[in-house]
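The values are calculated or read from the model by the stated rules, or taken from the named source; none is laboratory data. What you see is a predicted model, and the numbers here were worked out from it, not measured in a lab. Cβ: placed from backbone, ideal geometry, glycine included. Neighbour counts: every protein chain shown.
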Amino acid sequence: MIRVPTLRRLAAGFALLAFVAAPAAAETASVDGFRSARFDMTEEQLRAAIAADFKISPVQILKQVHKVDRTTILSIKVPDLLPESGTAQVNYKLGYKSKKLIQIDVIWGAAVDPKVTPQSLGIVIVNLRQYLQERGFDKEKVLLNATTPQANIVLLFRAQDDKSRVVALLGQFKLDAKAEKGKQLLLDQPEAVIVSYVLDPKAPDVFKIEKGKF
């Protein structure tokens with residue numbers, strides 16, 4: 001499993017984004033979840049959706065509670081989720097208070113599959129970016145190729161639907177600190193790829209100390 005700090009760095013790509021317009025689309029897309037998993041599903045409903053999508057047994061679903069935000073995460077590993085892409089990890093996050101599905105992260109990288117190569121990750125990026133761009137999101141709510149607070153992470157695609165739900169594609173790339181400025185990020189050497197579906201990025205259902213409670 002990818003370590004929580006890595007996921008947190010990738011998730012930080014949702015913030016501080018520069019706007020780049022995407023091509024106009026014929027119809028507006030929506031972000032409802034991933035495959036049969038839909039936002040606001042309970043854990044029982046989610047487990048049934050996972051089993052239907054990937055034909056896996058309950059023992060193959062890893063359950064853990066995030067120590068910081070106290071959300072519940074169900075994780076599975078899926079070989080060749082995309083053709084010849086290696087094994088991906090899919091994390092389903094249930095909200096701290098609601099106990100319902102609020103986010104899905106699909107991750108490729110050496111921390112998930114040690115056999116994955118930069119070439120296969122590059123193909124994943126190309127295929128997913130094309131797929132997402134063709135979904136039909138409102139061009140005014142789409143970002144492309146934006147920088148993030150982490151120098152080695154690029155927000156490759158981000159779109160928001162009419163209900164403010166978000167899908168984002170991020171890439172983590174090799175960084176050559178010794179190279180001259182402007183050439184340190186090696187875009188031909190991706191190290192990880194993540195696509196996230198998020199119910200409410202502005203007010204996620206996670207644990208936090210409420211005002212006046214401390």
Does region 50-84 hold any residues that are within 17 Å of the chain's Cα centre (by Cα), in a strand (DSSP E or B) and among the polar types (S, T, N, Q), and which are they?
72, 75
Looking at residue 148 and the list (1) crowded, with 16+ Cβ neighbours inside 10 Å; (2) over 14 Å from the mean Cα position of the chain (by Cα); (3) closer than 30 Å to residue 208 by Cα; (4) free of Cβ contacts under 8 Å to residues at least 40 places away in the same chain, which single condition is not satisfied?
(4)
Being buried (at least 16 other Cβ atoms within 10 Å of the Cβ), over 30 Å from residue 151 (Cα atoms), modelled with pLDDT of 50 or more and out of contact with any Gly (no Cβ under 7 Å at 6 or more places or on another chain) narrows it down to one residue among 47, 35; which is it?
47
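Going through region 158-170 one residue at a time, which ones are assigned to a strand (DSSP E or B) and either surrounded by fewer than 19 Cβ atoms within 10 Å (Cβ to Cβ) or at pLDDT below 95 (or both)?
Kept after step one, since they are assigned to a strand (DSSP E or B), are these residues of region 158-170: 158-160, 166-170.
Across region 158-170, there are no qualifying residues.
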Filter region 171-190 for residues that are small (Gly, Ala, Ser) and surrounded by 10 or more Cβ atoms within 10 Å (Cβ to Cβ); the one that is nearest to residue 147 (Cα to Cα) is 171
When region 31-71 is checked residue by residue, the ones that are out of contact with any Phe, Trp or Tyr (no Cβ under 7 Å at 6 or more places or on another chain), closer than 19 Å to residue 197 by Cα and touching a residue at least 60 places away in the same chain (Cβ under 8 Å) are 38, 39, 40, 41, 66
Output for Cβ contacts, cut-off 8 Å, separation at least six or different chains, first residue touching a residue at least 40 places away in the same chain (Cβ under 8 Å) and of a type in the set (Lys, Arg) in region 167-178, second part of a loop (DSSP other than H, G, I, E, B) and surrounded by 23 or more Cβ atoms within 10 Å (Cβ to Cβ), reads none
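Residues in region 122-157 that are part of a strand (DSSP E or B) and under 21 Å from residue 85 (Cβ atoms): how many? Reasoning before the result, please.
So in region 122-157, the residues part of a strand (DSSP E or B) come out as 142-147, 153-157.
This time we only want the ones that are under 21 Å from residue 85 (Cβ atoms), so: 153-157.
Count: 5.
Is at least one residue of region 183-206 assigned to a loop (DSSP other than H, G, I, E, B), hydrophobic (A, V, I, L, M, F, W, C), at pLDDT 90 or above and in contact with a Ser or Thr (Cβ under 8 Å, 6 or more places away or on another chain)?
There is at least one residue in region 183-206 that is assigned to a loop (DSSP other than H, G, I, E, B), hydrophobic (A, V, I, L, M, F, W, C), at pLDDT 90 or above and in contact with a Ser or Thr (Cβ under 8 Å, 6 or more places away or on another chain).
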Considering only region 98-109, I want to know if a residue exists there that is touching a residue at least 40 places away in the same chain (Cβ under 8 Å), surrounded by 21 or more Cβ atoms within 10 Å (Cβ to Cβ) and of a type in the set (Phe, Trp, Tyr).
yes
